[in-house]
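This report concerns only the one structure given below.
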Amino acid sequence: MRKINKIFLGLIFLLGILVFCNFNIQETKAAWEEYSTGVTSYTWNKPVKDTFYKPGDYITFEGEVLVSSCFNTIDETGEIKFYLGTTQPPTRPADPATYGTYLGKKALRKGGSFYVDSLKVPKDFIGTPEGYAYARIYFRGRYYRTTYIIVASERIRVNHPPLANAGPDKEVFWWKSVVLEGSGSDPEGDPITFSWSCSGGQLSNSHIAQPTYTAPWVIRDSTYTCTLTVSDDKGGRASDSMNVLVKNNYPPRANAGPDKEVFWWKSVVLEGSGSDPEGDPITFSWSCSGGQLSNSHIAQPTYTAPWVIRDSTYTCTLTVSDDKGGRASDSMNVLVKNNYPPRATSLQAKLLDGCPACHYVFSWTFSDPGDSQSAYQVQVDNNSNFSSPEVDSKKIPSESTSFAPISPLSWNTEYYWRLMVWDSKDLSSSWIIGPSFTTPHAYPEPDFSWQPVRPSRGEVVIFDSGQTKTYGGTTISAYLWTITEGVGEFVDGTNNSSANPHLKFSTQTNKIKLKVTDSTGYSCESPEKTLTATLPLPQWKEIPPL
């Protein structure tokens, strides 16, 4: 009896369970609504934390759903669905597809376990730097077709890789350089780094976007590939390539010439030269660390030294280029020596002689302690700007401190003059301005004649000074006759200071000159003139015949 009672109590217990389960499974639920009655637990292996997934990556999910209600087990119709979203999904979604991007689904194995290793992040997935992956699990009981929805989510990080652009292809001659025009960006604004690699040639820096590429030597035109890889700080990377065509070209040769020495403010010619082994046209370009060049684009420019307080060395570099981009450089040094320029003082302009033209002499005192004059130059002009000097001695190598130009100056004219001197080191002074001066009126020009033109010895010769010229409104105030050769006698009350003296000559050849002084006191002497006195004719006397 006791055994029967136990069996009866067991049947009553089972019937209660069935009634309870049947009541629950008959309850109507809305679509997609979570109903977890009978679900005891669920677990899954979450995606690796702190790992950045990028579009195209695979994410592995693994887990298990345990149900122990009413003896139900998961049958073959159970499935798990996966979505990727950017926000935390709600606990009871109306439709899971509205909260993310569908990745795929997987049928649940018996017992509720699942394993998925082929779910891929869509390439067109656009989300925040940190996205969410979450799974929705759907299954039905074998007997009652009751739908249960289990929502599980795990935060994963989605990273979009950067963009790489290696830039346009390039052409360059061997041993020449060209800048690669690479660039990169990250769609999420992540920090990026650059890394270049080339199949040939050298890069100035392989870790910047736009390095300088130096072409290798080639015996024929050759193409090299350079690849730019852009990486972000989340492991994303992208690459792009471009080609560099290296053309064969022999560069020109450059020779800056020998070193030079020069004193400051002086000039020297640089002896540069260049050539091209293939006969290509070449150009020249000079650069100097100090001083000035007359023309930096010729082979042999004139270098003018700067002012220095001590001997200083400057470097000048000549670069020779051909028309194919080939280039070569060479350098030389210029030693600029310190030397203070000379000076001149006590400048004077003095009338040297006014007969027959206006001649001046210019003088000065050379000044340069411990040094001597080696040359000078004098310019005279009637314009203070010396635009067209009437006298220009040019540079005259001489220690003389005076200069008398051969060309006469004009009378009654104001003149300006200046002087430049050189020391023994060939360093010149600047132009030194002398005092201006005005030339006087012209000096008298004495001239004379006599009658008879061919006198006899002892015959009276009358001299006439009427051909003498005066200037500036002056008159002749004094005469001085001089017999420089021969013998003559003043007669008829005249003498050597008479305007028109009378003379008798006893010699055949006689030389006479006249000096006159005008009312200003200016005197000039005429050139000598030669008077020839002939013997008198014989006197004829008639004699009767014997």
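Read-outs: derived from the displayed coordinates by stated rules, not from any lab. Only a predicted model underlies this, so the values are computations on that prediction, with no experimental measurement involved. Glycine also receives a Cβ, built like all others from the backbone with ideal geometry; neighbour counts cover every protein chain displayed.
List of remarks:
- Comparing Ser177, Ala166, Ala238 along the charge dipole axis of the stretch 163-247, the residue lying farthest to the positive side is Ser177, per the Cβ-charge model.
- Computed E for Asn205/Tyr250 - FRET, C-beta separation, R0 30 angstrom, nearest 0.05: 0.60
- Once the C-beta distance of Glu445 and Glu489 is scaled by a Förster radius of 22 Å, the resulting FRET efficiency is 0.20 to the nearest 0.05.
- Ranked packing of 434-442, 364-372, most packed first, by mean Cβ within 10 Å: 434-442, 364-372
- Shown here for the stretch 262-348: trypsin sites (Lys or Arg not before Pro) in loop regions (DSSP other than H, G, I, E, B) with at most 10 other Cβ atoms within 10 Å, namely Arg310.
- Taking each residue as 0.36 nm, the span from Ser329 to Thr283 lengthens on full extension beyond its C-alpha to C-alpha distance by 15.4 nm.
- Cα shape, the stretch 163-247, gyration tensor, a/c 1.5 rule: prolate
- Between Thr438 and Glu528, the FRET efficiency estimated from the beta carbon spacing at R0 = 30 angstrom works out to 0.35.
- Relative to the current alpha-carbon distance between Asn496 and Ser346, full extension at 0.36 nm per residue lengthens the span by 49.7 nm.
- For Thr313, the residues 5 or more places off, or on other chains, whose built amide H falls under 5 Å of its own are Val336.
- Long pairs among Lys350/Lys425; Lys337/Lys394; Lys504/Lys529; Lys350/Lys513; Lys266/Lys350; Lys350/Lys394, criterion Cα-Cα beyond 22 Å: Lys350/Lys425; Lys337/Lys394; Lys350/Lys513; Lys266/Lys350
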